[in-house]
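To keep things clear, I will list the structure first and then write my remarks on it.
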Amino acid sequence: MTDTVVKTALGLVRGREEDGVAAFKGIPFAAAPEGPLRFQPPARPAAWDGVRDASAFGPAPPQAPPAPGVPPIWRPGDGMDCLTLNVWTPDLGAGRLPVMVWIHGGMWKTGSSSMPHFDAATLARSGVVVVTFNYRVGFEGFGHLPGVLDNRGLRDQIAALEWVRRDIAAFGGDPGNVTVVGHSAGAASVALLMAAPAAKDLFGRAIAQSVPDGYRDVADAERVTGTLAAAAGVRASLEGFAALPPEAILAVQDAPLTGPQAGMSAFGPVVDGDLVTGPPWEAMREGAGREVDLICGFTHEEYRGIAPGFDPSGVDLAAVAAAIGLGQDAADAYRAAHPGRGDADLFVVMMSDALVRMPTTRVAEAHARAGGRTWLYDFAWQGAVVGAGHGVDVPFVFGDGGSRYAARLLGSPVPDGFAALSERIRTAWAAFATSGDPGWPRFDLEHRRTRIWDTTPRDEDYPLAGSYRVWERRGG
């Protein structure tokens, strides 16, 4: 392991090179969002003198532990100086390597680029410069306050991409060849940024892994803020929330969640009419982002990863269909579309469709209809503990079989076939970032060809035709 120094626009940073990849961690791309900058759009950080150590990750954004018994990602003593990024590069002197920028998921309320399963050294060895970064989550990033710009977390993402355009050449990357990659909330971020004029020209390619539904209008966001304010005993105003330390907001952040929403998130992109004008597929239908090449896809059994401990036996399929807006009679339509499957299996299919698979399909269709270059995939590999559940594709992208996250989804030791399929996926993602061609046929509205990621990858017609017909008949 050797130290290496790079000059950025704000000062020198010292990283570490190991096994052919140099890593730089904790580089600020925006000022700490605290004091007068709290709940405000990201501000440019101050320059520094001398050489800044970039061998350790910066603090995570304020957030509660992601699940009971899981070590906290953020503690109150960590503070608010969380808007930092990390760079892995296989060749500092290359100058024109393709760049991949990763946006983590986490239901808009958890996640950090410091999490071990986002270590990008293996991915960088595919011949790309990889950037990961933090953005504000939960109320800090997506809470609605009167007189304050919404979607601060998305604005953080744009600030990180602006840093990439300005500084990535110093790390061997090509600022004119940037691919943004995200999973879950990160995938929705990718799609929203494609459609946002404020992010135009910051990237030319995108990979959206499991685009979820869930966008709040201003009235709904105001309701969430009011509920939180009542629970915390403050006014629903900037002054009221600014008087609370982050941990006080985190203590009540789930107060607005009841019934089927319990355990999910009260936060998400707010349709502010500025940065976010609606679900991304609506803007894409009008041509927004069509100049960006797009890969998008889903895992075949998304819900098994979203709620891995839920037992669907005995579920009332008609009630579920009504709850997700399809109407009770959609239960029979699902049975007809998937003959031979019991209601427990159909519940997983229905929820996978509602939460991720149909939203991702809408993005692919809207982008292709507007003339964008589009590729679709279905991750169907069944070697994991959660089957082809939500999030199981992430370790394949990073070549990660050893983290706690990977063990929870894949099991330990890692199943046979992981390494080979991971190599294929990383090769496809790197090829797309390099040339705009991942190596399988494009998705269009006539042929609807889809890459099936399995032990032996294959290309088929769209695999969700039965579910798709149910949603289309109901205007979904």
Rounded, prolate or oblate (a/c below 1.5 giving rounded, otherwise prolate when a/b exceeds b/c) for region 1-70 by Cα gyration tensor
oblate
Please list 3J(HN,Hα) in residue order for region 423-434, calculated via the Karplus relation 6.51 cos²θ - 1.76 cosθ + 1.60 where θ = phi - 60°; whole Hz, with x for glycine and proline.
4, 5, 5, 4, 5, 5, 5, 5, 5, 5, 5, 7
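Can you give the calculated 222 nm mean residue ellipticity of the chain, where each DSSP H run of n ≥ 4 adds -39,500 (n - 2.57) and the sum is split over every residue, rounded to the nearest 500 deg cm²/dmol?
My calculation for the chain gives -8500 deg cm²/dmol from helical runs alone.
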Taking the chain and dividing mean pair separation by its residue count, relative contact order in percent (alpha carbons under 8 Å, at least six apart):
13
Using Cα-Cα distances under 8 Å and only pairs 6 or more residues apart, what relative contact order does region 145-224 have, in percent?
29
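Suppose every Lys and Arg Cβ carries +1 and every Asp and Glu Cβ carries -1, with no other charges. What dipole size does the chain come out with about its Cα centre, to the nearest 20 debye?
Working: 42 positive and 54 negative charges, 97 e Å.
My answer is approximately 460 debye.
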Where a ≥ b ≥ c are root eigenvalues of the Cα gyration tensor, a/c under 1.5 meaning rounded, otherwise prolate if a/b exceeds b/c and oblate otherwise, the chain counts as oblate
Inter-centroid distance (Cα atoms) of region 247-299 relative to region 81-111, Å
21
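Looking only at region 3-57, where both bridge partners belong to it, what percent of the DSSP beta bridges are antiparallel (to the nearest 5)?
Values: 8 of 11 bridges.
That works out to approximately 75 percent antiparallel.
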How large is the dipole of region 264-306 about the Cα centre if only Lys and Arg carry +1 and Asp and Glu carry -1, each at its Cβ, rounded to the nearest 20 debye?
140
DSSP bridge pairs, the chain: antiparallel proportion in percent, nearest 5:
40
Taking alpha-carbon centroids only, region 29-77 lies from region 439-476 a number of Å equal to 40
From the phi of every residue in region 326-331, what ³J(HN,Hα) in whole Hz does the Karplus formula 6.51 cos²θ - 1.76 cosθ + 1.60 yield, where θ is phi - 60° and glycine or proline is x?
8, x, 4, 5, 5, 4
With charges set only on the Cβ (+1 for Lys and Arg, -1 for Asp and Glu), what does the dipole of region 142-282 come to about its Cα centre, in debye to the nearest 20?
160
Ranked highest first by average number of other Cβ atoms within 10 Å, how do 370-382, 108-120, 125-137 line up?
125-137, 108-120, 370-382
Report, by chain and number, residues whose modeled amide H sits under 5 Å from the one on Gly173, excluding near sequence neighbours (fewer than 5 apart, same chain).
Gly95, Leu97
Rank by packing, highest mean first: peptides 15-28, 460-473, 139-152, with packing defined as the count of other Cβ atoms within 10 Å averaged across residues.
139-152, 15-28, 460-473
Please work out whether region 1-122 counts as rounded, prolate or oblate from its C-alpha gyration tensor, where a ≥ b ≥ c are the square roots of the eigenvalues and a/c under 1.5 means rounded, while otherwise a/b larger than b/c means prolate and anything else oblate?
oblate
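Coordinate-derived values only; no laboratory data. None of the values given here were measured: they were computed from a predicted structure. Heads up, the Cβs are rebuilt from the backbone with ideal geometry, glycines too, and the neighbour counts pull from every protein chain shown.
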